[in-house]
Amino acid sequence: MEAARKIETDRTSDSRTWADVAANPKFVELHRRKAYFLFGWWAFSTVYYFLLPILAGALPGVFGIKVFGCINLGYLFALSQFFVSWALAVYYAIWANRVSDRLTQELLRELGYR
Amino acid sequence: MKKLCVLIGLVLVFSLALNAVAPTFARAADETQKTDTVTSAKTSGAPASQPAAKAPAPKQVKADRTITVSMFLVIIGITLVVVMWAARRTKTVADFYAARSSITGTQNGWAIAGDYMSAASFLGIAGLISLYGYDGFMYSVGWLVAYVTVLLIVAEPCRNAGKYTMGDILSFRASPRPVRAAAAVSTVAVSTFYLTAQMVGAGKLMELLIGIPFKAAIVGVGALMIFYVVLGGMIATTWVQIIKAGLLMSGALLLCILVASKSGFNPIRFFSDVAHNPQIKDWVQLSLLKDAIAKPGFDYGQRFLEPGLLLKNVWDQISLGMALVLGTAGMPHILMRFFTVPTAQEARKSVIIAMFIIGAFYILTTLLGFGSAIHVSPQAISAVDKGGNMANLLLAQTLGNEIAPFVGDLFLAFLCAVAFATILAVVSGLVLASSAAISHDIYVNIIKKGVARQDEQVRAARITSFVVGAMAVLIGILAERQNVAHLVALAFAVASAGNLPVVVLSLFWRKMNTAGIVSGLVIGTVFSIGLVLVSPNMVYPKLVAADAKKIVDTLEKKQAGLTAKEQVTLAKAKETYEANKNGTSLVGLSAPLFPLKNPGILCIPLGFLAAILGSLLFRSRKEEDAFDEVYVRQNTGIGVADAIQH
């Protein structure tokens with residue numbers, strides 16, 4: 001709690017304490033791993049999503065290929081968007097519990113927060 | 001004492017509104033029933049002359065008055081109890097704007113879903129699927145994928161760096177006054193566009209569903225919305241949204257089970273029912289592809305399950321997709337939901353839960369859309385409403401009636417009530433977001449320079465909510481005859497090009513500063529609005545005239561065999577042509593300057609560019625130094641508890 005109070009009181013006058021936290025190796029690792037994971041998977045999800053309208057426009061014939069009875073590839077691809085988004089959400093929750101929340105906890109403990 | 005006055009005033013407004021609604025409501029419903037008996041008498045005599053037609057398709061949505069009114073009253077009653085309970089717990093500003101950050105992740109997940117899924121999602125997307133098949137489904141995908149951005153990029157940092165409004169996040173290290181002013185303007189702009197679309201939609205829907213006149217419906221919805229927000233603030237809004245999400249999901253699920261049971265709960269059989277339905281085949285051939293004579297060997301039923309019947313311009317779809325994927329994360333009323341939970345972990349959990357609810361809802365919507373195409377037929381759906389908005393309700397009526405007429409009435413009334421609850425939940429969230437921007441950013445932080453007593457702040461919040469709500473009612477009434485479809489596109493465009501770039505860059509980019517935020521917000525907002533004003537969303541009388549001219553020409557060519565109906569069409573087309581031939585659009589154009597309906601593809605990069613260039617042109621050493629604090633806080637949540645207690 002001491003460290004917290006120090007940062008809180010110093011907040012307006014001096015930002016060196018925040019710079020110290022930002023330079024802490026634990027924080028650097030946390031931020032690096034988060035940046036890779038979050039922007040990487042965001043880019044994946046966005047590309048996967050834009051494939052839907054692009055391929056629907058470019059290859060309507062492929063979308064029409066029947067897979068199960070009258071259910072075609074296009075329908076399955078659109079449906080897969082939902083499952084991919086859900087899977088990504090669950091994977092992120094698991095990853096965050098294992099990696100980013102743990103690193104954050106360690107950092108906060110080191111700084112004397114809890 | 002003041003609170004009591006507000007309360008009494010509101011109860012008065014509310015009871016007046018109800019009084020205004022009730023008699024006209026009863027009259028309109030009577031008329032609806034009368035006309036319906038006439039049409040049903042006609043149709044019951046008709047079958048002999050149309051042996052091919054199946055059971056007569058419903059000509060209109062006829063909700064049973066007593067059942068529907070009771071359902072509405074039950075929903076109003078439950079929400080009012082919730083509001084009174086919430087009002088007693090709303091004492092501080094933190095209660096009013098952020099429910100004291102005491103909402104759990106699960107609750108917030110349902111509330112996000114309730115805040116997000118509008119009547120347009122419930123009725124509109126199922127309608128699109130029932131009329132255009134596959135493309136309607138493809139259209140719905142982006143609304144869920146948008147939440148990946150919310151989950152990965154904005155939810156947790158916003159919880160950690162924010163307090164009540166978007167202005168709080170942006171002014172963390174920038175000069176508060178210009179930044180808050182710009183943020184408040186863009187928040188109010190986004191919310192007003194969205195709110196106007198919702199209010200006009202609500203009025204039209206209530207008019208169509210149960211015959212309440214447009215103005216009375218808007219006043220009624222507006223009075224309830226004001227009542228919820230002014231008295232119960234975020235706590236009441238959250239619970240209204242949770243209740244609505246529950247009702248919406250159960251309504252959709254129930255209807256889906258009925259649809260699925262018709263195909264033996266077998267997805268393969270369900271899609272084969274779609275592809276082999278003769279009415280769908282006719283619809284695709286004659287109305288969508290306009291083949292007067294069927295092409296030999298072409299499977300028109302299967303074509304319904306393939307892309308390209310509605311969304312014909314790939315660039316427009318990409319542009320819409322960009323606006324959805326980046327705009328949802330820039331919607332002030334969505335951002336605000338993350339301030340209601342205590343920690344980043346709860347914020348994360350709430351988005352994931354919301355994603356499952358929203359995704360499941362859109363998948364159910366597919367079944368409802370295709371189901372209404374099978375069981376009601378696209379022809380009958382478009383005859384009741386051109387946009388297909390009544391598809392779900394017609395489906396409920398048809399399938400319910402097959403069990404027993406009473407079940408049909410009950411089911412239809414339930415779905416009408418769900419649509420009603422949906423409207424209330426969405427508009428309440430919007431009113432709260434824009435009133436927070438006005439009272440917290442402009443009044444408390446700019447005019448009062450951040451020095452205001454708790455009770456003063458709460459009073460300011462309540463007064464602005466009342467004023468914003470009243471304005472929404474007024475604008476809704478004035479916009480009755482306007483085309484409001486482009487307003488939703490506009491809201492997403494401003495959110496994605498104005499808000500999102502500055503929020504993301506403030507949180508993740510060291511060099512972001514006041515100049516960047518203001519230029520990003522202003523240029524992003526102005527360009528989005530400007531592009532929508534010159535886009536094909538607006539009405540271009542000269543183009544309308546050209547279309548009418550085409551009809552006139554073709555009909556006049558075949559002079560000889562004009563049927564009575566065609567002669568009426570000809571006269572109408574001539575009239576349309578005369579009325580529109582010299583007109584121009586709202587901004588004085590004869591044809592759109594920008595070819596796409598959604599400006600995202602151009603205005604989002606512009607918004608980012610403006611924010612980045614603004615920051616680089618006017619560097620601020622002080623704000624760059626403060627980045628460490630923002631960055632540490634948004635990643636770790638240090639200081640959140642502190643911010644919450646204020």
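What does the charge dipole of chain A about its Cα centre add up to, to the nearest 20 debye, if the Cβ of each Lys and Arg holds +1 and the Cβ of each Asp and Glu holds -1?
Details: 13 positive and 9 negative charges, 40 e Å.
In total the dipole reaches around 200 debye.
Candidate cross-link partners of B:LYS565 among the aspartates and glutamates, defined by an alpha-carbon separation under 17 Å and a same-chain spacing of 8 or more, comprise B:ASP553, B:GLU556, B:GLU575. Per residue of B:622-629, other chain Cβ atoms within 10 Å of the residue Cβ number 4 on average. For the pair B:LEU589 and B:GLN454 in one chain, pulling the backbone fully straight at 0.36 nm per residue adds 43.5 nm over the alpha carbon distance.
Relative to the present Cα-Cα distance, how much length would full extension add between B:ARG621 and B:LYS312 at 0.36 nm per residue of separation? Display every interim value, and only then the final one.
Values: separation 309, 0.36 × 309 = 111.24 nm, distance 4.92 nm.
Full extension of this stretch gives 106.3 nm more.
Close amide H partners of A:ASN72, meaning residues 5 or more places away or on another chain with modelled amide H under 5 Å apart, are A:VAL67.
Relative to the longest principal axis of the Cα atoms of chain B, helix B:391-403 runs at roughly 60 degrees.
Averaged over the residues of B:139-146, the number of partner chain Cβ atoms lying within 10 Å of the residue Cβ comes to 5.
Here the dipole of segment B:487-646 is about 600 debye; that uses its Cα centre as origin and unit charges on the Cβ of Lys and Arg (positive) and Asp and Glu (negative). Please work out the FRET efficiency for the pair B:LYS558 and B:ASN483, using the Cβ-Cβ distance as r and a Förster radius of 45 Å; give the result to the nearest 0.05. Once the sixth-power term is evaluated, E becomes 0.90.
Residue pairs exceeding 20 angstrom between C-alpha atoms, taken from B:LYS215/B:LYS597; B:LYS386/B:LYS572; B:LYS448/B:LYS511: B:LYS215/B:LYS597; B:LYS448/B:LYS511. The value of relative contact order for chain B, using C-alpha pairs under 8 Å at least six residues apart, is 25 percent.
Ordered by the number of other Cβ atoms lying within 10 Å of each residue's own Cβ, fewest first, B:ASP316, B:ASP282 fall into the sequence B:ASP282, B:ASP316.
Give, rounded to the nearest 20 debye, the magnitude of the charge dipole that segment B:531-572 has about its Cα centre when Lys and Arg contribute +1 at Cβ and Asp and Glu contribute -1 at Cβ. Walk me through the numbers before you get to the answer.
Values: 7 positive and 4 negative charges, 8 e Å.
It comes to approximately 40 debye.
A Förster radius of 45 Å combined with the Cβ-Cβ distance from A:ALA19 to B:ILE447 puts the calculated FRET efficiency at roughly 0.85. Inter-chain Cβ neighbour count for A:39-50, averaged per residue, equals 4 (cutoff 10 Å, partner chain atoms only). Helix A:73-95 versus the longest principal axis of chain A: what angle, 0 to 90°, nearest 10, using Cα atoms? Once rounded, one gets 20 degrees.
Bear in mind these aren't lab numbers, they're just calculated from the coordinates by the rules spelled out. These numbers come from a predicted model, not from an experiment. Heads up, the Cβs are rebuilt from the backbone with ideal geometry, glycines too, and the neighbour counts pull from every protein chain shown.
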